[in-house]
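Student: One structure, pasted below without further comment.
The values are calculated or read from the model by the stated rules, or taken from the named source; none is laboratory data. Being a predicted model, the structure only gives us computed values, none of them experimental. Cβ atoms come from the backbone with ideal geometry, glycine included; neighbour counts cover every protein chain shown. Calculation scope for accessible area: heavy atoms of the full protein, side chains included, ligands and nucleic acids excluded. Shrake-Rupley method; radii C 1.70, N 1.55, O 1.52, S 1.80 Å.
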Amino acid sequence: MNDRLSYGDRESLPDSVFGLPERREYPMPDAAHVRAAEAYFRYCPENLKPRLARAILARAAEFGVEVGSPSIQEYARRN
């Protein structure tokens, strides 16, 4: 699967697969989308980065994706 979802596919995803579920942003239903969320992490609002970083790491662990971004690792340790 590529990192593009159709509108219908995105709408059918449960909130639990989004990095920011309340905003339904950064969908991560599979490994390709975890990698995409890692790539687009820099565009996340600063105040939401710690939550998104933890979500990316959690979903990456589920799919066996190695997250190489030191920035994501750093933000995940913040409160």
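Student: Within the set of pairs 6+ apart or on separate chains, which have a first residue in region 55-68 that is open to solvent by 60 Å² or more (accessible area, probe 1.4 Å), a second that is modelled with pLDDT of 95 or more and not polar (S, T, N, Q), and C-beta atoms under 6 Å apart?
Tutor: What qualifies is Phe63/Ala31; Phe63/Val34.
Student: Quick one: count up the residues across region 40-54 that are without any contact (Cβ under 8 Å) to a residue 12 or more places away in the chain and either open to solvent by 50 Å² or more (accessible area, probe 1.4 Å) or of a type in the set (Phe, Trp, Tyr) (or both).
Tutor: Number of matching residues: 3.
Student: Please enumerate the residues belonging to region 1-14 that are touching a residue at least 12 places away in the same chain (Cβ under 8 Å) and part of a loop (DSSP other than H, G, I, E, B).
Tutor: Across region 1-14, the qualifying residues are Met1, Asn2, Asp3, Leu5, Leu13.
Student: Would you check which residues across region 15-36 are open to solvent by less than 40 Å² (accessible area, probe 1.4 Å), farther than 11 Å from Arg59 by Cβ and not in a helix (DSSP H, G or I) and list them?
Tutor: Answer for region 15-36, where residues must be open to solvent by less than 40 Å² (accessible area, probe 1.4 Å), farther than 11 Å from Arg59 by Cβ and not in a helix (DSSP H, G or I): just Leu20.
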